[in-house]
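A.B. asks: Got a structure here, written out as structure tokens. Questions coming.
The values are calculated or read from the model by the stated rules, or taken from the named source; none is laboratory data. Everything quoted here is computed from the prediction, not taken from an experiment. Please note: Cβ atoms are built from the backbone with ideal geometry, for glycine as well, and neighbour counts cover all protein chains shown.
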Amino acid sequence: MQCLECGKNLGEEDLAAGNCQGCGEPLMPEDVSNLESKLGIAKEVPEVKAPVLIPEGGIKVPDVLICKNPDCGEDLYGDDIEAYLKGDPCQICGQPDPSASSTPTPESMPSQEQKNVEENIKLSSMAPEEEVPVEQNETPPVVSEPDATSVLMMGKTLRTRFCSGPLAGTEFDLPTGIIIGRQLFNEIISAESKSQGIDLGWYNKSISRISREHFKLDEDGTITDMGSANGTILDREEIFGEGDKFGLGNVLNLADEIMLTRVHSSDDDPSFIRITNTETKITIDVPQGVKYHLGRLREDGRREPFALAISDHMKRTDGMNADDFRRISRRHATVELQENGEFLVENIEGKTVTINPGIAKSKVDEGSTVDDLVTGVYTADTLGDKVTKWSGNEIELLQIGRVDFNVLKF
Amino acid sequence: MPNINANLTKDIAIANQSLLSQGMISLSPDENTSTLPIDLVMVLDTSGSMSGAGVQVLIESVLLIQKLMSAQDRLAIITFDNSAQLHSSWVGKNDTISGLTAGGGTNFGSAINELLNFLAQHGGDPSRAGIALFMSDGHGGKAADDHVSSIPDFGYTMHCLGVTSGVNPDHLEHMAELARGRYFDAPDFDDVKVKFAQLFNYGKTIQYSAPVLELDVANGVTLSEVMEVNGTALAPGNDLGPGKHSLALCNMTQGNVSQVSFKISVDNVALGENKLVDIGFMGNIGTLNVKGTDINTEVLGASTNNAVTVSRTTAKATRALKDGDTSQATRLVTKLETMGKTVATAASSATTLGTVTGSTDKGQIHEAIGKITVNTKGETVTREN
């Protein structure tokens, strides 16, 4: 039994305190009862259930199942469905399926998910151990059962990069057409930890919050949440079932922890810009013609996902100070690669936006079509300086308030 | 004197070990404490965007407030555009107030500075309920956070009223939280008079105005995520380590209880009684303790304090709503719903928060959160006024 917040395996010390001793979250009454039963110190004798016989070929698990309790009727997803079909109570109302029998209805064909699991068991068992390394950190994410994915999966992949943690900027391939879960990220992060020789305990809690069957990507980037416990969020919008495409300029957030961005590929339009926060190395590729906002809030008042990734990283990393980030305005500035190849930087409501401070005027003039003086500080109060253009291949230093970005043109 | 209760999730723990727990300090006003006469300072946006119908509504609202005032209440008005000025110092129910005009830009910083100048001369009287009401469409030059958060030092809370359909409630809600106040949403000018009346009626129920909670944290103990049940962060971004801390709370009103919840870590629980925090509030004192024992079965068999879990989960849910994290809020409300099957106070929290999570309008969400409080039965409820 794991803490839903931090993934710690709960035990006697947590029951004694009434809180998870990993993150301090309080245990709910049902958590306490379950833990007491597990530890054999239940105050009441738990109900003994008849053994469930799993038919050959497995149990077909639908994408969504509605609780049959008429007072509940909530949608169940993922692991909750499987448990419900096996006779466990609904995770929402606590009532079991009133029509459930001890033996589930057999299906002639196993589900796609089960096929994936079986396939991965084979692949994992065939693979040399060093190809599927498991990091041994102080509190390693526990993956006791085979997951629905493996890095050995074949097929088209989408090039992706980490947008949070010490691996920010590190690229890897996400497989398409199969269900992706905790094990894949455990394997990737463990492998990177070994190859880069760095401690990646930063991700322990993050991985534990990813479900075993979390999401699926189609070849065109369409993302489908598989009923994950802690959610799949694309640009701050939670996905239920099939969602939008994970493309350039989007931030994918798994379980509110692991953040990812797409890397430009040959299938994408050829021109794009690459924006990197120089302190955290958090990077995003943005297609030509998109005004990308570098500020804290979107127009609808919700948090900008790219900015959120940077501030979250700063807050959680020793030696980084998120205070400078908090001084960025809610709506600050946009940067865009225009069709003519020029950068367009617009200060919308920000206090200060600075472009390439300190670069000599002569350098600016070379190949530049800028009408205004390009160096200097642009403030929202000064009309006429709100928009500026830059025709080089790179904005070496774009300062949004006191936070530094590098913008490269491709 | 007010009543102080302080508890952990479990008030007993394994000795000679560290402990990570949740805690709550519950503060109830003395039943014999009367409500306070009101000192209301209205800080009114008279910039160009308020000209015409807007300024007319302001004038009518001020006249309405004067009608609602009792003989003991006082009203002052600060107006601001590019700069701020004291329009009227203390006036009573029957005094005449000169007219208002609108024009120019919007500078929140000047308005807050003028308010602080005024409070430096007239604030700090514990026998009066100090209320500042900041009214604007939310678009303007920002005031410094530390200036806004110093308003409670004068015994005042500042509430913000967001007007016009294009209001930016985030900015105003942020200022209201820093000044321990509430946000009122008035997208139409027709709403403004109603909200003014609501605020004034709320003011009439105040028993302790911007009260201060004094904490003396023992060595080896740290409090974090210190919040009131409406999600107001009392020490934003800071942990409270060993030593003395003063926390400005939101107003305490008739029939309501203030709950301050937090995460607490203890480096080592000694055998026997451990005093974790000394608490001082409005002349009364209390302590937060944990008993250390080496008998495991005693700790495992001890019941958990559900009130702490409910308060903590409610506060985190309201905080998530304030931060716009509706998925996190929904998860916490689902937890409360499940817990509500056996714990009545959890059910009341889930019901109260459930109505807020269903709203998509930010202004309405902020206003609804500001109304959340706890009644004397420990139930999370919405204020009527």
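A.B. asks: Tell me which residues, restricted to region B:314-329, are of a type in the set (A, V, I, L, M) and crowded, with 22+ Cβ neighbours inside 10 Å.
C.D. replies: B:Ala315, B:Ala317, B:Leu321, B:Ala329
A.B. asks: Please indicate, with yes or no, whether at least one residue in region A:8-19 is in contact with a Pro (Cβ under 8 Å, 6 or more places away or on another chain), crowded, with 16+ Cβ neighbours inside 10 Å and modelled with pLDDT under 70.
C.D. replies: We begin by selecting, within region A:8-19, every residue in contact with a Pro (Cβ under 8 Å, 6 or more places away or on another chain); these are A:18-19.
Of the ones still in play, those that are also crowded, with 16+ Cβ neighbours inside 10 Å are A:18-19.
Checking the rest, the ones that are also modelled with pLDDT under 70 come to none.
Checked against the condition, which is being in contact with a Pro (Cβ under 8 Å, 6 or more places away or on another chain), crowded, with 16+ Cβ neighbours inside 10 Å and modelled with pLDDT under 70, region A:8-19 yields no hits at all.
A.B. asks: Here is a further query. Please go through region A:22-41 and pick out each residue that is in a loop (DSSP other than H, G, I, E, B) and either more than 9 Å from chain B (Cβ to nearest Cβ) or surrounded by fewer than 19 Cβ atoms within 10 Å (Cβ to Cβ) (or both). Step through it out loud before you land on a result.
C.D. replies: Looking only at region A:22-41, we keep the residues that are in a loop (DSSP other than H, G, I, E, B), and these are A:22-25, A:27-28, A:40-41.
The answer is A:Cys23, A:Gly40, A:Ile41.
A.B. asks: So, one more: Using the structure shown, decide if A:Asn230 is farther than 30 Å from A:Glu339 by Cα and away from chain B (no Cβ under 14 Å).
C.D. replies: Spelling it out, it is not the case that A:Asn230 is farther than 30 Å from A:Glu339 by Cα and away from chain B (no Cβ under 14 Å).
A.B. asks: Still on this model: Do the conditions hold for B:Leu115, that is, is it crowded, with 23+ Cβ neighbours inside 10 Å, outside any strand (DSSP E or B) and at pLDDT 90 or above?
C.D. replies: For B:Leu115, the condition - crowded, with 23+ Cβ neighbours inside 10 Å, outside any strand (DSSP E or B) and at pLDDT 90 or above - is met.
A.B. asks: Also, quick follow-up: Is it the case that some residue within region A:166-188 is among the basic types (Lys, Arg) and surrounded by fewer than 22 Cβ atoms within 10 Å (Cβ to Cβ)? Walk me through it before giving the result.
C.D. replies: In the first step, residues of region A:166-188 are kept if they are among the basic types (Lys, Arg); the result is A:182.
Next, from what is left, pick out any that are surrounded by fewer than 22 Cβ atoms within 10 Å (Cβ to Cβ): none.
Looking for residues that are among the basic types (Lys, Arg) and surrounded by fewer than 22 Cβ atoms within 10 Å (Cβ to Cβ), one finds none in region A:166-188, hence no.
A.B. asks: Shifting gears a bit: Could you please let me know if A:Gly376 is surrounded by fewer than 19 Cβ atoms within 10 Å (Cβ to Cβ) and modelled with pLDDT of 50 or more?
C.D. replies: Taking the combined requirement at face value, the residue does not satisfy it.
A.B. asks: Select from region B:318-330 the residues that are polar (S, T, N, Q) and more than 12 Å from chain A (Cβ to nearest Cβ) and list them in ascending order. Steps first, please.
C.D. replies: Initial filter on region B:318-330 (polar (S, T, N, Q)): B:318, B:326-328, B:330.
Across region B:318-330, the qualifying residue is only B:Thr318.
A.B. asks: So which residues in region A:1-21 are of a type outside the set (A, V, I, L, M, F, W, C), facing chain B (nearest Cβ under 8 Å) and in contact (Cβ under 8 Å) with a residue 24 or more places away in the chain, if there are any at all?
C.D. replies: Matches in region A:1-21: A:Glu12 only.
A.B. asks: Something else now. If a residue must be part of a loop (DSSP other than H, G, I, E, B), in contact with a Gly (Cβ under 8 Å, 6 or more places away or on another chain) and charged (D, E, K, R), how many such residues does region A:209-235 contain?
C.D. replies: So in region A:209-235, the residues part of a loop (DSSP other than H, G, I, E, B) come out as A:210-214, A:218-221, A:226-231, A:235.
Those still in the list that are in contact with a Gly (Cβ under 8 Å, 6 or more places away or on another chain) too: A:210-214, A:218-219, A:221, A:226-229.
This time we only want the ones that are charged (D, E, K, R), so: A:212-213, A:218-219.
Number satisfying all stated conditions: 4.
A.B. asks: Within region B:131-210, considering only helices (runs of 4 or more DSSP H) that don't extend past its boundaries, which have at least 1 residues that are at pLDDT below 90 and farther than 23 Å from B:Leu234 by Cα?
C.D. replies: B:189-203
A.B. asks: If I ask for residues that are more than 13 Å from every other protein chain (Cβ to nearest Cβ), more than 21 Å from the chain's Cα centre (by Cα) and more than 22 Å from A:Ile239 (Cβ to Cβ), which ones from region B:347-359 would you list?
C.D. replies: none
A.B. asks: Which residue out of B:Ala307, B:Ala344, B:Ala315 is touching a helix residue (DSSP H, G or I) at 6+ places or on another chain (Cβ under 7 Å) and either touching a residue at least 12 places away in the same chain (Cβ under 8 Å) or at the interface with another protein chain (Cβ under 9 Å from one of its Cβ atoms) (or both)?
C.D. replies: Selected residue: B:Ala307, the only one of B:Ala307, B:Ala344, B:Ala315 that is touching a helix residue (DSSP H, G or I) at 6+ places or on another chain (Cβ under 7 Å) and either touching a residue at least 12 places away in the same chain (Cβ under 8 Å) or at the interface with another protein chain (Cβ under 9 Å from one of its Cβ atoms) (or both).
A.B. asks: Follow-up question, since we're still on this one. What is the number of the single condition among (1) part of a strand (DSSP E or B); (2) within 24 Å of B:His171 (Cβ to Cβ); (3) modelled with pLDDT of 80 or more; (4) not β-branched (Val, Ile, Thr) that A:Leu344 does not meet?
C.D. replies: Of (1) part of a strand (DSSP E or B); (2) within 24 Å of B:His171 (Cβ to Cβ); (3) modelled with pLDDT of 80 or more; (4) not β-branched (Val, Ile, Thr), only one is false for A:Leu344: (2).
A.B. asks: In region B:1-35, which residues are more than 14 Å from every other protein chain (Cβ to nearest Cβ), touching a Ser or Thr at 6+ places or on another chain (Cβ under 6 Å) and of a type in the set (A, V, I, L, M, F, W, C)?
C.D. replies: If the condition is that a residue be more than 14 Å from every other protein chain (Cβ to nearest Cβ), touching a Ser or Thr at 6+ places or on another chain (Cβ under 6 Å) and of a type in the set (A, V, I, L, M, F, W, C), then B:Leu27 is the only one that fits.
A.B. asks: Looking at B:Leu249, B:Leu271, B:Leu300, which one is under 23 Å from A:Asp14 (Cβ atoms) and buried (at least 16 other Cβ atoms within 10 Å of the Cβ)?
C.D. replies: B:Leu300
A.B. asks: Identify all residues within region A:189-204 that are among the charged types (D, E, K, R) and either surrounded by fewer than 20 Cβ atoms within 10 Å (Cβ to Cβ) or not in a helix (DSSP H, G or I) (or both); write none if there are none.
C.D. replies: Once the filter is applied, which keeps residues that are among the charged types (D, E, K, R) and either surrounded by fewer than 20 Cβ atoms within 10 Å (Cβ to Cβ) or not in a helix (DSSP H, G or I) (or both), region A:189-204 yields A:Lys194, A:Asp199.
A.B. asks: Given the structure, is A:Gly243 outside any loop (DSSP other than H, G, I, E, B), surrounded by fewer than 21 Cβ atoms within 10 Å (Cβ to Cβ), within 14 Å of another protein chain (Cβ to nearest Cβ) and out of contact with any Cys (no Cβ under 7 Å at 6 or more places or on another chain)?
C.D. replies: Working: outside any loop (DSSP other than H, G, I, E, B): yes; surrounded by fewer than 21 Cβ atoms within 10 Å (Cβ to Cβ): yes; within 14 Å of another protein chain (Cβ to nearest Cβ): yes; out of contact with any Cys (no Cβ under 7 Å at 6 or more places or on another chain): yes.
So A:Gly243 fits the description; yes.
Matching residues to (1) closer than 20 Å to B:Gln198 by Cβ; (2) of a type in the set (Phe, Trp, Tyr):
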position	(1), (2)
B:Thr35	yes, no
B:Leu100	no, no
B:Thr106	no, no
B:Ile112	no, no
B:Phe118	no, yes
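A.B. asks: Next up: Any residue at all in region A:211-228 that's within 25 Å of A:Ser265 (Cα to Cα), of a type in the set (D, E, K, R) and in contact with a Phe, Trp or Tyr (Cβ under 6 Å, 6 or more places away or on another chain)?
C.D. replies: At the first step, the residues of region A:211-228 found to be within 25 Å of A:Ser265 (Cα to Cα) are A:214-225.
Still in the list and also of a type in the set (D, E, K, R): A:216, A:218-220, A:225.
Next, from what is left, pick out any that are in contact with a Phe, Trp or Tyr (Cβ under 6 Å, 6 or more places away or on another chain): A:225.
Taking every residue of region A:211-228 in turn, at least one turns out to be within 25 Å of A:Ser265 (Cα to Cα), of a type in the set (D, E, K, R) and in contact with a Phe, Trp or Tyr (Cβ under 6 Å, 6 or more places away or on another chain).
A.B. asks: Also: Among the residues in region B:118-129, are any assigned to a strand (DSSP E or B) and either in contact (Cβ under 8 Å) with a residue 12 or more places away in the chain or crowded, with 17+ Cβ neighbours inside 10 Å (or both)?
C.D. replies: Yes.
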